[in-house]
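Presented below is the structure to which this report refers.
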Ligand SMILES: Cc1cc2nc3c(=O)[nH]c(=O)nc-3n(C[C@H](O)[C@H](O)[C@H](O)COP(=O)(O)OP(=O)(O)OC[C@H]3O[C@@H](n4cnc5c(N)ncnc54)[C@H](O)[C@@H]3O)c2cc1C
């Protein structure tokens, strides 16, 4: 049996294609959209036009038996700009929610609606977090109540920090059906385009990732048809019955989604770190002090060596987790969380070093490294903070419920 870390022809082609888009379309626009703090519609439209923002691209990426294609695309997009990358790929979190919890029929119906068409691209959002339920997703207050007479679910509650929240055409909302069961009493619901009772609350002004829209989502007697419950009513009833009897259940709505998407979010962090290392290396070769290029000082050269080494190490963890996910290997050591933990922390560290290497130039907006540092920080927070990743890893390794 052969083993290789070399990318094959198809993977190299995708990598080059996304890289060219990142270099030619995303990078030149990154500063403008960071300053505007708005969703970069022209870039999403261009991504849709070339087929990068499409259900076909995502299907092909998920079909890659090595699992690397989506990781490669995520890294390249974030190398271009993480804010725009999240604006483009934010919808995939909702897709992952539908894939993790929906029936094949629901996947076929709803996933294409997350993207729309090349002429009219659409956005999707995945709404879990609430003001009092961030890391602790078991304490969600948003309620889903079944109206049997109408075969409808009625959703009420307020979600916060939601990427594409309120501007999305389709929202996937995680709500509690039976609060007494904590996360085991939760289910995911599709709120299709045009549903009354869903609206945007406050839009947040952020430190980084400013081209990506983040807002509250308010659900006020929001009624969705019974078929919008992902997985279906029978499966939910069965799962709730098992939970009430104290038996184990296969998956919990929000957790199943996060576990599947972590390597791809981690790949974005790798993209930021790589961008910052490349930029700092180029700068250090050109910037001269004391009659020599600053890279000729060991202090700077060693920093650059560590930046590259840590970035490559993070990428290897991402590739391992992506390969395991694609090949149905259980994350026995929480390998998805390992990749997210290391990649997020690495991106923060590497971008901070990049600012140091640029000196004063690193601190001003004429150069992108300060933006990359601001962007990197979110990767230690969303999709589970670094502390929560450590908790997941520690629990997986020890088999104990570490607090
Ligand atoms: C830009 C942005 C985009 C986002 N997009 C989405 C989205 O699309 N959908 C969505 O549902 N959510 C989204 N989020 C929410 C994000 O997932 C949460 O912010 C994150 O899970 C952390 O929750 P919290 O902010 O409430 O922090 P808290 O849970 O309040 O944590 C605060 C601190 O306490 C620590 N902590 C908490 N519990 C423990 C523990 N048991 N042990 C040790 N330390 C602990 C945390 O690590 C952290 O350092 C987004 C957030 C941001 C900022």
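The values are calculated or read from the model by the stated rules, or taken from the named source; none is laboratory data. These numbers were taken from a predicted model, which means no experiment stands behind them. Positions of Cβ are generated from backbone atoms using ideal geometry, with glycine treated the same way; all protein chains shown enter the neighbour counts.
Summary of computed values
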{"item": "Residue satisfying all of: in the range 375-391; over 14 Å from the mean Cα position of the chain (by Cα) and within 28 Å of residue 275 (Cβ to Cβ); nearest to the ligand (Cβ to nearest atom) among these", "result": "387"}
{"item": "Residue in the range 278-297 that is closer than 25 Å to residue 263 by Cα and either out of contact with any strand residue (DSSP E or B) (no Cβ under 8 Å at 6 or more places or on another chain) or part of a helix (DSSP H, G or I) (or both) present", "result": "yes"}
{"item": "Test: residue in the range 196-218 that is within 16 Å of the ligand (Cβ to nearest atom), exposed (fewer than 15 other Cβ atoms within 10 Å of the Cβ), without any contact (Cβ under 8 Å) to a residue 12 or more places away in the chain and part of a loop (DSSP other than H, G, I, E, B)", "result": "no"}
{"item": "Selection status of residue 343, more than 29 Å from residue 302 (Cα to Cα), in contact with a helix residue (DSSP H, G or I) (Cβ under 9 Å, 6 or more places away or on another chain) and away from the ligand (no atom under 12 Å from the Cβ)", "result": "no"}
{"item": "Qualifying residue in the range 141-148 (condition: in the same structural domain as residue 203 (by TED's automatic domain parsing), part of a helix (DSSP H, G or I), free of Cβ contacts under 8 Å to residues at least 12 places away in the same chain and closer than 22 Å to residue 240 by Cα)", "result": "yes"}
{"item": "Residue list for the range 97-110, restricted to those being surrounded by fewer than 24 Cβ atoms within 10 Å (Cβ to Cβ) and touching a helix residue (DSSP H, G or I) at 6+ places or on another chain (Cβ under 9 Å)", "result": "99, 100, 102, 103, 105, 106, 107, 109, 110"}
{"item": "Test result for residue 295, outside the structural domain of residue 23 (by TED's automatic domain parsing), touching a residue at least 12 places away in the same chain (Cβ under 8 Å) and closer than 27 Å to residue 162 by Cβ", "result": "no"}
{"item": "Positions within the range 158-170 being in a strand (DSSP E or B) and under 15 Å from the mean Cα position of the chain (by Cα), in sequence order", "result": "161, 162, 163"}
{"item": "Candidates 190, 265 - the one that is in contact with a helix residue (DSSP H, G or I) (Cβ under 8 Å, 6 or more places away or on another chain), buried (at least 18 other Cβ atoms within 10 Å of the Cβ) and outside any strand (DSSP E or B)", "result": "265"}
{"item": "Selection from the range 97-133 of residues that are within 11 Å of the ligand (Cβ to nearest atom) and touching a residue at least 40 places away in the same chain (Cβ under 8 Å)", "result": "97, 124, 125, 126, 127, 128"}
